[in-house]
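I have a structure I would like to understand better, so I am pasting it below and will then ask my questions one at a time.
No lab work stands behind these numbers, since they all come straight from the coordinates. Owing to the predicted nature of the structure, the values given are computational and were not obtained by experimental measurement. Cβ sites come from the backbone with ideal geometry, for glycine too, and all protein chains shown count toward neighbours.
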Amino acid sequence: MGAGRYAPSPSGPLHLGNLRTAILAWLFARSTSRSFLLRIEDLDRVRAGAEELQLSELAALGLEFDGPVIRQHERLDTYLQIIDQLRARDLVYECFCSRKDIAQAGSAPHSVPGAYPGTCRSLTTQQRDRKAEQRPAALRLRSEIHSFSVTDLLHGTYTGMVDDFVLLRNDGAPAYNLAVVVDDGQSGIDQVVRGDDLLSSAPRQAYLASLLGLTVPTYAHVPLALNADGHRLAKRDGAVTLEDLSEDGINALQVRSILLESLGLPTDSLGAALAAFDPTRLPGEPWIVRPEKIVHQLMPDASHNG
Ligand code: GLU
C-alpha cells in the first residue's frame with residue numbers, strides 16, 4: 001500500500017486554498033486506499049506557533065493522518081547524506097553565482113528561460129578557489145538531461161525542463177527540491193497531490209527521485225484558489241482562514257462544506273464526499289474566492305448588520 005501526503009509550510013495559518021488542497025490530497029489518498037501522511041516543510045519560512053495552528057485547522061476539518069508528523073528540520077542529516085551519495089557519483093558541483101549573475105547569464109541568446117545557465121558547471125580548481133574567496137558555494141545537481149516527463153492525473157503526461165538545480169543553498173540549508181524528493185521517497189509516498197503552481201517543479205523532482213532509485217510518484221496538481229483579481233489567494237484578501245471566518249460566526253464544518261461544494265462534492269460529511277469523489281470530474285479551473293460572498297451566504301444577517 002502506498003501513501004499520499006499533505007505538506008504545508010508553517011508560515012502562518014492555512015487559508016481556504018490550502019485547506020481545499022489538503023482535502024483534495026486526503027480524497028485522492030483515501031479513494032485509492034493509500035495511507036495519508038502529514039509533513040511539515042519547515043526548512044524555511046517558519047512562523048512561531050504556525051505548525052500547531054495548522055495541525056488544529058486540519059483537525060477541525062476532520063482530516064486524519066496516519067503515522068507521526070514528519071518535520072523536515074529534524075531530517076537535516078539525512079539530506080546531507082543523500083547529497084554526499086550524489087557527490088560520490090560526481091553528480092554535484094559547487095556554484096558561486098548570485099541571483100544577479102544567473103539573471104545576466106540567462107539573458108544571453110540560446111539560454112533557456114528559468115534554467116541555470118551552467119556557469120559553474122566546469123570550473124577549474126583554480127577558478128573555483130578564487131570564487132570561493134568571494135562567496136560561499138551552493139551545491140547543484142549535475143543533471144544529465146534537459147527535460148523529463150511525469151504522469152499527472154489531471155494534466156496527463158507533462159514534460160518539463162530539468163536544469164542543474166540547487167540541492168544545498170549557500171546558507172547551508174537543503175533546498176526544497178531535494179528535501180521533498182528524499183522525504184517522499186523515504187516515507188513510501190507514491191502519490192503527490194498539491195497546487196498546480198508546483199507542476200513545473202515535478203520533472204526536476206521526478207528526475208532526482210529516479211537518480212536516487214526512489215519511486216517516482218504519480219502526481220495530481222490541483223487548481224489553486226485565486227482572489228477576484230486572479231491572483232493567488234492570500235491573507236490580505238479578507239476572511240480567508242478558519243480563524244477569520246470564525247470571527248464572523250462561521251464554524252469549521254461550514255467552511256468545509258463551502259470547500260466541498262467548490263469541488264462539486266456532497267457537503268454533509270467527508271465520508272459522503274469520499275464516496276462521490278471522481279478525479280475526472282473535478283473542476284479544472286482555479287477556484288475564485290470572494291470572502292464577503294461566503295460570509296453573506298452563510299450568515300446573511302451578519303452582513304446586514306455589518
Ligand atoms: N510546502 C509546499 C507548500 O506549502 C508544498 C510542497 C509540496 O507539496 O511538494 O506550498
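When Lys and Arg each count +1 and Asp and Glu each count -1, what net charge do the other residues less than 10 Å away from A7, Cβ to Cβ, add up to?
Once all neighbours under 10 Å are counted, the net charge is 0.
Oh, and also: Determine which lysines satisfy two conditions relative to K100: a Cα distance under 26 Å, and not lying fewer than 8 residues away in the same chain.
Hits, sequence-local ones excluded: K131.
Using modelled amide H (1.01 Å from N, peptide plane; none on Pro or chain starts), what sits under 5 Å from the amide H of L154, excluding residues fewer than 5 places away?
Distant-sequence amide H within range of L154: H221.
Just want to confirm a number: the relative contact order over the chain, from Cα pairs under 8 angstrom separated by 6+ residues, in percent.
RCO, the chain: 19 percent.
Using a 4.7 Å cut-off between beta carbons, which cysteines in the chain end up with no partner cysteine at all?
C97
May I ask you to derive the relative contact order of the range 2-157, considering only C-alpha pairs under 8 Å and at least 6 residues apart, and to give it as an integer percent?
19
Which value results when the Cα radius of gyration for the range 1-121 is divided by 2.2 N^0.38 Å? The partial results should precede the final answer.
Details: Rg = 19.2 Å, N = 121, 2.2 N^0.38 = 13.6 Å.
With N residues counted in the range 1-121, Rg over 2.2 N^0.38 Å equals 1.41.
Now for a different question. Give the distance, in whole Å, between the Cα centre of the range 103-176 and the Cα centre of the range 37-64.
30
With springs only between Cα atoms under 10 Å, which of R45, R34, R75 fluctuates most in a Gaussian network model of the chain?
Maximum among the listed residues: R45.
Next question. Give me the aspartates and glutamates in straight-line cross-link reach of K293: C-alpha distance below 16 Å, same-chain residues under 8 apart excluded.
The qualifying aspartates and glutamates are D229, D237, D244, E247, D248, E261, D301.
Helix-only mean residue ellipticity at 222 nm, the chain, DSSP H runs n ≥ 4 weighted -39,500 (n - 2.57), per residue, nearest 500. What is it?
That comes out to -11000 deg cm²/dmol.
Now for a different question. Can you list residues whose amide H is under 5 Å from G195's amide H, if they're 5+ apart or on another chain and H is modeled 1.01 Å from N?
Placed amide hydrogens put V222 under 5 Å from G195.
Could I ask something else about it? Working only with C-alpha atoms, what are the Rg and Dmax values of the range 175-264, expressed in angstrom?
Just the Cα atoms of the range 175-264 yield Rg and Dmax of 17.0, 51 Å.
From the P(r) of the chain, can you give the percent of Cα pairs sitting at distances over 25 Å?
Tail fraction, whole percent: 54.
If you plug each phi of the range 127-143 into the Karplus form 6.51 cos²θ - 1.76 cosθ + 1.60 with θ = phi - 60°, what whole-Hz ³J(HN,Hα) values come out, in order, with x for Gly and Pro?
Ordered by residue, 3J(HN,Hα) equals 4, 5, 4, 5, 5, 5, 6, 8, 7, x, 8, 8, 10, 10, 6, 7, 6 Hz.
Counting only other residues whose beta carbon sits under 13 Å from that of D66, what net charge do I get with K and R as +1, D and E as -1?
+3
Non-local amide H neighbours of E41 (under 5 Å, H modeled in plane, Pro and chain starts lacking H): which ones?
Result for E41 returns S9.
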